[in-house]
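Report on the structure given below.
The values are calculated or read from the model by the stated rules, or taken from the named source; none is laboratory data. As the structure is a prediction and not an experimental result, all values here were calculated from the model. Because the Cβ atoms are built from the backbone with ideal geometry, glycine has one as well, and the counts that use them run over all protein chains shown. Please note that ligands, DNA and RNA were not included when accessible areas were found on the heavy atoms of the full protein model with its side chains. Shrake-Rupley method; radii C 1.70, N 1.55, O 1.52, S 1.80 Å.
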Amino acid sequence: MKVRSNALAIIGVVLVLSAHATESSYEDRLLRKVIKAYKTEPFTPRAQGMGAKAKLGQSLFFDPIMSGPSSIACATCHIRSKGSVDGLPLAVGIGVSGMGEERLQKEQAFVIPRNVLPFFNRGDKEFTAFFWDGRVQLGPGGSFESPIGDRLPQGFDSLLAVAATFPQVEPDEMLGRSLRRGANRAATYHAELVSGEVDPDNFQERTLDVYRNLTRRLLGAEGERISPLQAEYRRLFSAGYPDTYEYNITHIGNALAAYISAAFELQPAPWDRYVQGEKSALTAEQKQGAMVFFGRGRCAVCHSGTQFSDFKYHGLALPQLGVGKHGGYLDYGRAKATGLADERFHFRTPPLRNVTKTRPWGHNGIFKSIEIAIEHHFNPIPLLYAAQQGRPREAELAGRLLSYRSPVLGEIYPITQSDIRLLVTFLKSLESDTVIPDEEAIPESVPSMMNQFIPK
């Protein structure tokens, strides 16, 4: 009798497994068609290592000497343990110490009215635009387009290298207090990086001036006595560029890009293994979520390619929440970069690799969960309504925000809470670790010896 019971139990297990195998086989067949239709390719990391140029970029990335008042570094907002962001809805610029949430708690905190973008895979060729508004982008024939137009110095290796040099020239972010937030002109732009003969309100002139003065701060000038910091940076620049004897902002940008590309390059995710034919790389729920993602959810219309972004610009009708880059309650997004009215309130499609690790989400960090972000894509009314409570100006803008909402969002088939749960499960299949571990990516110290942004 016992043998019979065991046999029945084994048969039951086999039947259950067979049922799951049949279900999985059905989903697999559908997803193979999807993968073929979307010409989906697995992501393959480029061979990465921390060469001399990347090690120079590593020092520049973690060193507060790169900011006007020497109080903030790239690493202040791009924290590896927080998914290469700072975990805050909106970034906090100069004027306070610490990292992450502790910066926001300081009385002197000046909020930068946009959410920090992650750095994962930014060296990949699919990235044809940087920043939420795409103000640094690839132009015709692969040219680099930026806010300083044809005055951009020649010699940048990549678009990422160009983008890496713009936070340093932004008031309130890394340069110094803006006129709007500074008590006087001296407080507005850091004196050491902006020459007295340059009009600080002329963005192009100020940017080029900062580029020159930042290089001089790091390396000194011919005929001048150099400091120990400058001697160390001269050694690092010489190692990174052994055949170069004169340096400028392009060498700084190229080194930063070399570090960011290496340090934040991701390993293949379970999705990549599945695309390559490993059926067991995804769970049954993740496969169901993929079907919603590529099917009735229409997510793949914009979140396409190996990085899951079309690198175009779309309007989601996000509430402004009283903070705006272009004035209270106003962030015009892409329109400010192009001057085109029909691109108001449009922002670049975020890539989705490791998106589950980069909270909060949205250009102003309004989404506290991915579930809320997904819901807003097919029904923006609840979030818009909630934002209006106690904010009359928000109520005035709601209709305007909706008028610029991307038409493609109106084509989403109504999805259920179960669908949303499956989508989140699928997004977890896009998670992976960086190729280079923390021990190699994080330096022990920086040349200025201001090591407050190096995790202990």
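Dividing the Cα radius of gyration of region 121-256 by its Kirkwood radius returns 0.98 for Rg/Rh. Relative contact order of region 14-160: 11 percent, from C-alpha pairs under 8 Å at least 6 residues apart in sequence. Rg(Cα) of region 185-246 divided by 2.2 N^0.38 Å? It is 1.31.
Estimated at 0.36 nm per residue, the fully extended path between Glu107 and Arg391 surpasses their Cα-Cα distance by 99.9 nm.
Express the accessible area of the chain per residue in Å², computed with a 1.4 Å probe while the remaining protein chains stay in the model.
With all protein chains present, the chain gives 46 Å² per residue.
When the inverse distances between all different Cα atoms of the chain are averaged and flipped, the Kirkwood radius reads 23.9 angstrom.
Can you give me the convex hull volume of the Cα atoms of region 36-192, divided per residue and expressed in Å³?
160 Å³
Annotation for region 121-139 versus region 272-314: alpha-carbon center distance of 21 Å. Exposed loop sites are taken as GluC sites (Glu not before Pro) in a DSSP loop (any state but H, G, I, E or B) with at most 13 other beta carbon atoms within 10 Å; the longest stretch of the chain without one runs 279-443.
Averaging the Cα positions of each part gives two centres, and for region 408-441 and region 54-71 these lie 32 Å apart. Approximating the spin labels as points 7 Å out from Cα along Cα→Cβ, the Lys312-to-Ile454 distance works out to 4.6 nm. Rg then Dmax, both in Å and based on the Cα atoms of region 246-339: 19.6, 57. Restricting the trypsin sites (Lys or Arg not before Pro) of region 323-417 to loop positions (DSSP other than H, G, I, E, B) with no more than 12 neighbouring Cβ atoms within 10 Å leaves nothing. The chymotrypsin sites (Phe, Trp or Tyr not before Pro) of region 34-96 that DSSP puts in a loop, and whose beta carbon has at most 13 other beta carbons within 10 Å, are Tyr38.
The figure for Asp124 is an accessible area of roughly 30 square angstrom, using a 1.4 Å probe on the protein chains alone.
Per the 1.4 Å probe, what fraction of the accessible area of the chain, in percent, lies on carbon and sulfur atoms? C and S fraction of accessible area: 55 percent.
Of Thr356, Thr128, the order by accessible heavy-atom surface (1.4 Å probe, DNA, RNA and ligands excluded), from most exposed downward, is Thr128, Thr356. Ordered from longest to shortest, the equivalent ellipsoid semi-axes for region 201-309 are 48, 19, 9 Å, each the square root of 5 times a Cα gyration tensor eigenvalue.
Scalar couplings 3J(HN,Hα) for region 85-94, obtained by applying the Karplus form with A = 6.51, B = -1.76, C = 1.60 to θ = phi - 60°, are 10, 9, x, 9, x, 10, 5, 10, x, 5 Hz; x denotes Gly and Pro. Here the gap between Ile226 and Ser25, fully extended at 0.36 nm per residue and compared with their Cα-Cα distance, gives a gain of 65.6 nm. Counted by Cβ distance under 13 Å from Phe131, the other residues give a net charge of +2, where Lys and Arg count +1 and Asp and Glu count -1.
The loop-placed trypsin sites (Lys or Arg not before Pro) in region 112-166, going by DSSP, that have at most 15 neighbouring Cβ atoms within 10 Å of their Cβ come out as Lys125. Among the protein heavy atoms, those of Leu402 account for about 70 Å² of accessible surface (1.4 Å probe, every chain in place). Which far-off residues, 5 or more places away or on another chain, put their amide H under 5 Å from the one on Val85, with H placed in the peptide plane? When sequence neighbours closer than 5 places are left aside, the close amide H contacts are Ile79.
Pop out the Kirkwood hydrodynamic radius of region 321-451 from its pairwise C-alpha distances, inverse of mean 1/r, in Å to one decimal.
The answer is 17.6 Å.
Heavy-atom accessible surface of Met450, to the nearest 10 Å², is about 50 Å², with a 1.4 Å probe and all protein chains retained.
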